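The values are calculated or read from the model by the stated rules, or taken from the named source; none is laboratory data. It should be emphasised that the depicted structure is a prediction, and the values quoted were computed from it without experimental measurement. Positions of Cβ are backbone-derived with ideal geometry, glycine not excepted, and every protein chain shown enters the neighbour counts.
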Amino acid sequence: MNRRNWVVLVAVGVGIGVFITLFSPWASSEPDGLERVAEDKGFIHEGKDAPYEVIADYVFPGVENERLATVLAGVVGVLIVTGISLGAGFGLWALSRSRAQRAGEGEEASGSHSGGDG
């Protein structure tokens, strides 16, 4: 896949994430499935808070409008996840490329080649 395709793919992914985030302030305020089951079965109090919060309660600090703050928090989250994913993907790609080059150098150094005497 060439560079242009990767850029388009990333742009589409970020665009979808941002689009979904734009409508998140209008999502239901009812608990989600797992939270609802925990409430119904009486073990909701056993839940623990996350060990960290990048943007607490999806409200972007310093923004008075709650819906806008939620959208901004979502956009920042999408960008953070995109960056981490691209970084991890690039790292794995570079590692596999490096291993393939070392394997190729090893074959050249040993004098091995494909094909038979014939």
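Brief remarks on what is shown
- Answer from G106, G77 - the residue that is modelled with pLDDT of 80 or more and either within 23 Å of the chain's Cα centre (by Cα) or over 30 Å from P25 (Cα atoms) (or both): G77
- Counted residues, the stretch 21-39 - those being of a type outside the set (A, V, I, L, M) and surrounded by 13 or more Cβ atoms within 10 Å (Cβ to Cβ): 4
- Subset of the stretch 43-66 (residues that are farther than 23 Å from P25 by Cβ and exposed (fewer than 10 other Cβ atoms within 10 Å of the Cβ)): H45, E46, G47, K48, P51, Y52
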